[in-house]
Amino acid sequence: MWEAIKNLFGFGQGKLDCPYCLETIELPPGTVKCPGCGSDLFKRYISDYRKAPPLFVPVVGWSRVGKTVYLHALTWVLHNMHMVWPSFETEPLSSVTLDYERRVRDVMALGGALPPLTAMGPQEAYIMQLNNLGNHWPNRTLVSRDFSGENFDKFTMPPEQVQFFKSPKQNVALFMFSLMDMLQSTFSMEQLLSNYARTLLDKYDVDIRNSGHRRKGIIVLSKGDDIAGLPDNLREYLVGDPIADALNRTVTPAELNPERMHLYLERMERVSNEIRDWLATNPPLAPSGGRLLSKADGLKMPLRFCVVSSTGMDPEKRTATLQPRRVIDPFFWAMSM
Ligand SMILES: Nc1nc2c(ncn2[C@@H]2O[C@H](COP(=O)(O)OP(=O)(O)OP(=O)(O)O)[C@@H](O)[C@H]2O)c(=O)[nH]1
Ligand SMILES: [Mg+2]
């Protein structure tokens, strides 16, 4: 309330979370520079802060699991969601984000090469306002930032990057696994959660088991098109993505009205439970699935599960337009968990 009154009478711009360093800051009237990290904030971010609060969703996963391509696919689908969600609109809130959207279009729809593996070191933050989401969800400003998978091997993340992970303002994280790639690696699924939790505790004194620091985890099985041995029901779910079909114009787009949305989310929840049950059996494709679930229990981290394909096909045999499948599900979970 006091924040709103201060804004109204021009005493200041109120408290807000910087989208770059995630510190809570107070900007003197008329200024846009974060006093913490020195970044210039976009005016719309400041003026719409309370109408569209930020949603920070980090993607945690080893190298080559598909994090960067996933962020491209999600950005592309969100950008085109108005085809099934007519009221919905996205707006880039920085020139860096606008450039990123152009690159995303090139990769996803114009046959441009897939992005290279991500270099170590800080990457740009992409800031996109999402308006009129439907499903009674409030408007949000999605802040995404990509990280090199090497950061997660031992979680040797430098302090200027770790803020995106340790801040209690991001209480949901995506943990991404590529099951086929994992078959050839020495890593097990629970190790990713362990490294994440242990580093935050040992290096930054953040115990995610304590209230105030709890995390919710969305387990994302990436490259779903390539998972030989995925149970049939999950494969059918992946392939039969009505949003992807509408966006790819293989069917006449049907509006995602409240009723269809409700059915979509219900099915997404059933699929999450099915993936959990499948992982619990330690299937040959994911022999450490059971340990992942126990580790999350120990960390008091509620989990939801998704399977996605960012390309919809083998990238070697790609067509000009990629056909991402179910990439919206982790976002829907991040909005609802
Ligand atoms: N079949 C298939 N391959 C994919 C998919 N997504 C990504 N790939 C492949 O995986 C490679 C690595 O994907 P990236 O998104 O760059 O991996 P990353 O996790 O960002 O890796 P780092 O930047 O090293 O951390 C891509 O170049 C593609 O060849 C997918 O949905 N299906
Ligand atoms: Mg990458």
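Provide Met182, Met108 in ascending order of the number of other Cβ atoms located within 10 Å of each residue's Cβ, fewest first.
Details: Met182 18, Met108 25.
Result, fewest neighbours first: Met182, Met108.
Might you report the magnitude of the Cβ-based charge dipole of the chain about its Cα centre, with Lys and Arg at +1 and Asp and Glu at -1, to the nearest 20 debye? Could you put the intermediate results ahead of the total?
Working: 38 positive and 37 negative charges, 107 e Å.
Here the chain has a charge dipole of around 520 debye.
Which lysines, if any, have their Cα less than 25 Å from the Cα of Lys203, not counting same-chain residues under 8 positions apart?
The reachable lysines, counting only those whose Cα sits under 25 Å from Lys203, are Lys67, Lys154, Lys166, Lys169, Lys216, Lys295, Lys300.
May I ask you to list the trypsin sites (Lys or Arg not before Pro) in region 159-267 that are in a DSSP loop and have at most 11 other Cβ atoms within 10 Å of their Cβ?
Numbers: sites: Lys166, Lys169, Arg198, Lys203, Arg209, Arg214, Arg215, Lys216, Lys223, Arg235, Arg249, Arg260, Arg267; in loops: Lys169, Arg209, Arg214, Arg215, Lys223, Arg249.
When the trypsin sites (Lys or Arg not before Pro) of region 159-267 are filtered for loop state and at most 11 Cβ neighbours within 10 Å, Arg249 remain.
With runs of 4+ DSSP H residues as the only contributors, calculate the mean residue ellipticity of the chain at 222 nm using -39,500 (n - 2.57) per run, divided by the residue total and rounded to the nearest 500. Working shown, then result.
Working: 13 runs with 129 residues, N = 337.
It lands at -11000 deg cm²/dmol.
Which whole-Hz couplings ³J(HN,Hα) result when phi for each residue of region 304-314 is put into the Karplus expression 6.51 cos²θ - 1.76 cosθ + 1.60, θ = phi - 60°, listed in order with x for Gly and Pro?
My calculation for region 304-314 gives 10, 10, 9, 10, 9, 9, 6, 9, x, 6, 5 Hz in order.
Percent antiparallel among DSSP beta bridges with both residues in the chain, to the nearest 5?
On the way: 15 of 31 bridges.
If we restrict to bridges inside the chain, about 50 percent are antiparallel.
Placing +1 on the Cβ of each Lys and Arg and -1 on the Cβ of each Asp and Glu in the chain, which of Ile46, Leu78, Phe88 has its Cα farthest towards the positive end of the resulting dipole?
Ile46
Please return the longest stretch of the chain lacking exposed loop sites, where GluC sites (Glu not before Pro) count only if DSSP places them in a loop and at most 15 other Cβ atoms lie within 10 Å.
Values: sites that count: Glu23, Glu124, Glu255.
It works out to 125-254.
Check the cysteines of the chain one by one and keep only those with no other cysteine Cβ under 4.7 Å from their own.
Singleton cysteines: Cys306.
Explain nothing, just the number: relative contact order of region 186-301, from Cα pairs under 8 Å at least 6 residues apart, as a whole percent.
Working: 66 pairs, mean separation 47.6, N = 116.
It rounds to 41 percent for region 186-301.
Would you please give the residues with an amide H less than 5 Å from that of Leu93, counting only those at least 5 places away or on a separate chain, with H modeled from the backbone geometry?
So Leu93 has HN proximity to Ile127, Met128, Gln129.
Tell me, what ³J(HN,Hα) does each residue in region 79-96 have, in order and in whole Hz, if you take phi through Karplus 6.51 cos²θ - 1.76 cosθ + 1.60 with θ = phi - 60° and put x for Gly and Pro?
In residue order, the calculated couplings are 4, 9, 4, 4, 5, 10, 10, x, 6, 6, 9, 10, 9, x, 9, 7, 5, 4 Hz.
Using only C-alpha atoms and all pairs of different ones, pull out the Kirkwood radius for the chain in Å with one decimal.
Details: mean 1/r = 0.0483 Å⁻¹.
Roughly 20.7 Å, rounded to one decimal.
Every number in this text was worked out from the coordinates using simple rules, so none of it is lab data. Owing to the predicted nature of the structure, the values given are computational and were not obtained by experimental measurement. With ideal geometry, Cβ positions are generated from the backbone for all residues, glycine too; neighbour counts draw on all protein chains shown.
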